[in-house]
Amino acid sequence: MFEGFYGNPHVVQALGRMVDAERIPHALLLAGPEGVGKATLAAGWRPACSARRSDRKDDLSLPHNVQLVATREKWPADKRNEDPLLFASYPDFTTFAPDGPLRQISIEQMRLLKERAGFQPSSGRRSVFLIDHVDRANEQAANSLLKTLEEPPEHLLLILTAENAYDLLPTIRSRVVLFQLAPLPIGDIEAFLLERRSDSAPRRAALAMGSPGQAITLDLDLYDKRRAATFTLLRVAAGLEPFGAWMSYSEAISRSKTDKLEFYLKVLYVLLRDLLVLKAGSESPRNTDLAGELEVVAQRVSIQWIRKAARKTDELMSLLRRNIQNPLRWTR
């Protein structure tokens, strides 16, 4: 049922044995980096819950679904609350995805899940609910989900995905069976891309951080735009450029209605990693075309400086996920 899934064979085999033995728990948690294939692996349960097939219209990476989520960001909160986001193009398989400007799992979505969880499956033995990015659930939503996890109906299978399992409430983690998906080696990512005849396979593989989904969907032009901003920020923070060099980027990002700080923070993580490996001399940077300029910054800063910058980046990401907006004019 998981045919064609790429990478993490130990997880696929463990899930297969679980199905063959008919020892399926009520709740699974698939954890791992964004784009490593958590939601794709979860989708493998669809043939198990119905004999009918689907063309995967609920795939969140499809253009029309990406556009739907983006359009809902402009809706007022009360309109989104009246019409919680879900995808249900397959019998007995429902997907809840992050919604709204902050891309969170909402209390309204989890209340709807709890209501529908009591319904018997229409054609199979199980009703499957996928909560994608459950680590983006706000406190109310997480507590509502917990109530469903505490007393699940016999026919219910909940599949949760998260980048970091330890971002979830301990009470939620204690009620799920955890499967950890690891990043794939660069060579495996490049082979994956070459099989699909993707352009710029070596560069995509280097920047994907082990995630085939990230590699295949990466917009290199947009990445370069965001990298120019974040690398300027690093150079300013390292004392290699004046603060004014960052201000123009900061103002442009602040004015943008579509570009989010989170996107830039993810690029910043990659750049900080590159600085760290250059300091350690252990391997080549992911941004190979920027190696010389990164080396200049690496010589200017210490490993402690890089670690502090990474902690600050973590703090900003955490604040964003807790629904706190922050200005972009920071360098320390």
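The values are calculated or read from the model by the stated rules, or taken from the named source; none is laboratory data. Since this is a predicted model, take the numbers as computed values, not measurements. Cβ coordinates were reconstructed from backbone atoms using ideal geometry, including for glycine residues, and neighbour counts include every protein chain displayed. Please note that ligands, DNA and RNA were not included when accessible areas were found on the heavy atoms of the full protein model with its side chains. Shrake-Rupley method; radii C 1.70, N 1.55, O 1.52, S 1.80 Å.
Figure note: His155, His10, His133 ranked by solvent-accessible area, largest first, 1.4 Å probe, ligands and nucleic acids not counted: His10, His133, His155.
Considering the zone a paramagnetic label at Ala245 would reach in this model (a point 7 Å from Cα along the Cα-to-Cβ line), which residues of the stretch 285-320 have amide N under 14 Å from it? Counting backbone N atoms under 14 Å from the label point, the list is 293-301. For the stretch 154-241, the square roots a ≥ b ≥ c of the C-alpha gyration tensor eigenvalues yield an a/c of 1.5 or more together with a/b not exceeding b/c, which makes the shape oblate. When a 1.4 Å probe is rolled over the protein heavy atoms, the share of accessible surface on the stretch 151-205 that falls to carbon and sulfur comes to 52 percent.
Lys-Lys pairs in the chain that are eight or more residues apart or on separate chains and whose Cα atoms lie under 20 Å of each other come to 15.
Per residue, the solvent-accessible area of the stretch 56-113 (1.4 Å probe, heavy atoms of protein chains only, all protein chains present) comes to 47 Å². So if I take the centroid of the Cα atoms in the stretch 125-190 and the same for the stretch 192-207, what is the distance between those two points in Å? What the calculation gives is 30 Å, centre to centre. Taking Rg and Dmax of the Cα atoms in Å as calculated from this structure, the corresponding entry among [x] 21.2, 64; [y] 23.7, 76; [z] 21.4, 71 is [x].
Remark: the stretch 188-332 carries 53 Å² of accessible area per residue (probe radius 1.4 Å; ligands, DNA and RNA excluded). Carbon and sulfur together cover what percent of the accessible area of the stretch 2-125 at a 1.4 Å probe radius? Of all accessible area on the stretch 2-125, carbon and sulfur atoms account for 52 percent. Largest mean-square fluctuation among Glu190, Glu262, Glu251, in a Gaussian network model of the chain whose springs join Cα atoms under 10 Å apart, belongs to Glu251. Of the residues Glu82, Glu295, the one with the largest accessible area comes first in the ranking Glu82, Glu295, computed with a 1.4 Å probe on protein heavy atoms.
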